[in-house]
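The values are calculated or read from the model by the stated rules, or taken from the named source; none is laboratory data. Predicted model only: the values in this text are computed from it and were never measured. Note: ideal-geometry Cβ built from the backbone for every residue, glycine included; neighbour counts use all protein chains shown. The accessibility values were calculated without ligands, DNA or RNA, using every heavy atom of the protein model including side chains. Shrake-Rupley method; radii C 1.70, N 1.55, O 1.52, S 1.80 Å.
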Amino acid sequence: QVQLVESGGGLVQAGESLRLSCAASGRTFSSYVMGWFRQAPRKEREFVAALSWNGRGIWYADSVEGRFTISRDIARNTVYLQMNTLKPADTAVYYCAASHKDSGLGYSSSYDYWGQGTQVTVSS
């Protein structure tokens, strides 16, 4: 009953920035946690960041702490991932996801809804 659509990916050079957007439709997200995951070719999907829609907290993977910022626009039902100081290791398909839980948020199995993904490529 929830649809998520990511956008904002692209090709950038190392050190540059991108902002990803995740537009949500369907049910209200007042009881959800929103997360970002990424998956590089031949690698498992990994946690990037998460945010509780009601403002209870935010969480980041160690690999992006200090470089990435997750935020929300309540009026637009949109979650953002601001990615600064991008590295080639950040190259992946980035996915937006929604969870009814407030724990286990670093694991993809905890999420109920997923977007289609948006490609981020960082060249060296």
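Numbers at a glance
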{"quantity": "Karplus (6.51, -1.76, 1.60) ³J(HN,Hα), θ = phi - 60°, over the stretch 93-103, in Hz, Gly and Pro reported as x", "calculated": "8, 9, 10, 8, 9, 10, 10, 7, 8, 10, 9"}
{"quantity": "Accessible area of the stretch 10-84 belonging to carbon and sulfur atoms, whole % at 1.4 Å probe", "calculated": "45"}
{"quantity": "Extension reserve of the residue 101-residue 61 stretch, reckoned as 0.36 nm per residue once the Cα distance is removed", "calculated": "12.6 nm"}
{"quantity": "Other-chain or far-sequence residues with amide H under 5 Å of residue 86's (modelled H)", "calculated": "15, 16"}
{"quantity": "Sequence-distant residues sharing a close amide H with residue 72 (under 5 Å, placed H)", "calculated": "80"}
{"quantity": "Accessible surface, per residue, of the chain when the full set of protein chains is kept, probe 1.4 Å, Å²", "calculated": "52"}
{"quantity": "Loop-resident sites, the stretch 21-124, for trypsin sites (Lys or Arg not before Pro), counting at most 13 other Cβ within 10 Å (DSSP)", "calculated": "27, 42, 43, 56, 76, 101"}
{"quantity": "DSSP-assigned coil residues among GluC sites (Glu not before Pro) in the stretch 31-124, each with at most 11 further Cβ atoms within 10 Å", "calculated": "44, 65"}
{"quantity": "Charge tally in the Cβ shell below 12 Å around residue 15, where Lys, Arg are +1 and Asp, Glu are -1, residue 15 excluded", "calculated": "0"}
